[in-house]
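For reference, the structure discussed in these notes is given below.
The values are calculated or read from the model by the stated rules, or taken from the named source; none is laboratory data. Just so it is clear, the model here is predicted, and its values are computed rather than measured. Please note: Cβ atoms are built from the backbone with ideal geometry, for glycine as well, and neighbour counts cover all protein chains shown. Surface areas here come from the heavy atoms of the whole protein model, side chains and all, with no ligands, DNA or RNA. Shrake-Rupley method; radii C 1.70, N 1.55, O 1.52, S 1.80 Å.
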Amino acid sequence: MTVSAAHHEPPAFDVREFARTAQGSLRDDLDLPAIAAEPLSHEVARTLAALALLEGATMAHLRNVLVTSTHKDARVTAFLVTWAFEKFWIADALRAIVAAGAGEEPASAGEPDAAPAPTGRVAASAGRGPVRRALAGFTQGWAVVGVHMAVGFVDDRMLRAAHLRVVDVAGSPPLADAVDRILRVKARHAEFFEGEARARLGTSARAARLARRELRRTSWPLGGSALEPAELDAFGRFAFGGDAGRAALRGLEHEIRGLPGLDTRTAASVNASLAALAARPAA
């Protein structure tokens, strides 16, 4: 069943207010001198650097989303553009934290301190380029919007688990405060994605079916190809390896199953891809 966008607007989330209060640079909210006073371990710094790339690898994904029917939903598009803006500044904050933890002067606000991954690799992060996405989206119609909301929610929860793992391992109050500030920005992202996914998947069996298929075949985490293979493997081992990582995956599985129409098989498929990443040996 295809349902028009007019039937999917959970009133609890005010997109106009979200856009009006969009979070720009976070640097003034971070106690970088306190972070610098407690040097980060290599694995924590490496994971934060990976998170900066993953949080910032938004534009390739957004491009693939907005060539489909999703771009016709003005409310969702307004959210996604603001979401991308906030993610840019989250990535900037993470880079500043990594630099401070290494005793280095952070690059200027908003200026990447590393070259982006080659275009072909970033475009491949979602498995399909914009032309194939556009053709697929044409046949999927409005149902594809629910798919994108489910994918966004799962990726957000996945990255949140990695942020929390950093806090647990580092044991640094200044770093914990900085990550908490970032997660407060991300909380609005999760609220929107979850509310929209629930509304759309819950009223369209077709959207739920397409979401199950998309979640099973997506390369997780989104934007993973922005990382060098060794860095992606290290990220997977840190965030989802060991007992703590398995506990995080169980929590993620529970959240995926909580969305309408998403079954145990779908949640297990997502977790299996992350577990496989975590199991890769160090180079």
Heavy atoms only, 1.4 Å probe, whole protein assembly: order Asp28, Asp233 by accessible area, highest first.
Asp28, Asp233
Of Arg181, Arg20, ordered by accessible area with the largest first and a 1.4 Å probe, the sequence is Arg20, Arg181
At the level of C-alpha centres, the distance separating segment 27-73 and segment 265-283, in angstrom, is 21 Å
Run the 1.4 Å probe and let me know the accessible area of Glu43, rounded to the nearest 10 Å².
100 Å²
Each residue of segment 33-44 in turn: what ³J(HN,Hα) in whole Hz from Karplus with 6.51, -1.76, 1.60 and θ = phi - 60°, glycine and Pro shown as x?
x, 5, 5, 5, 6, 10, x, 7, 5, 4, 5, 5
Could you sort Trp89, Trp220 by accessible area so the largest value comes first, with the probe set to 1.4 Å?
Trp89, Trp220
Using the beta-carbon distance between Thr264 and Glu231 and R0 = 30 Å, what value does 1/(1 + (r/R0)^6) give for FRET efficiency, to the nearest 0.05?
0.45
For segment 205-283, accessible area per residue (1.4 Å probe, heavy atoms of protein chains only), Å²:
44 Å²
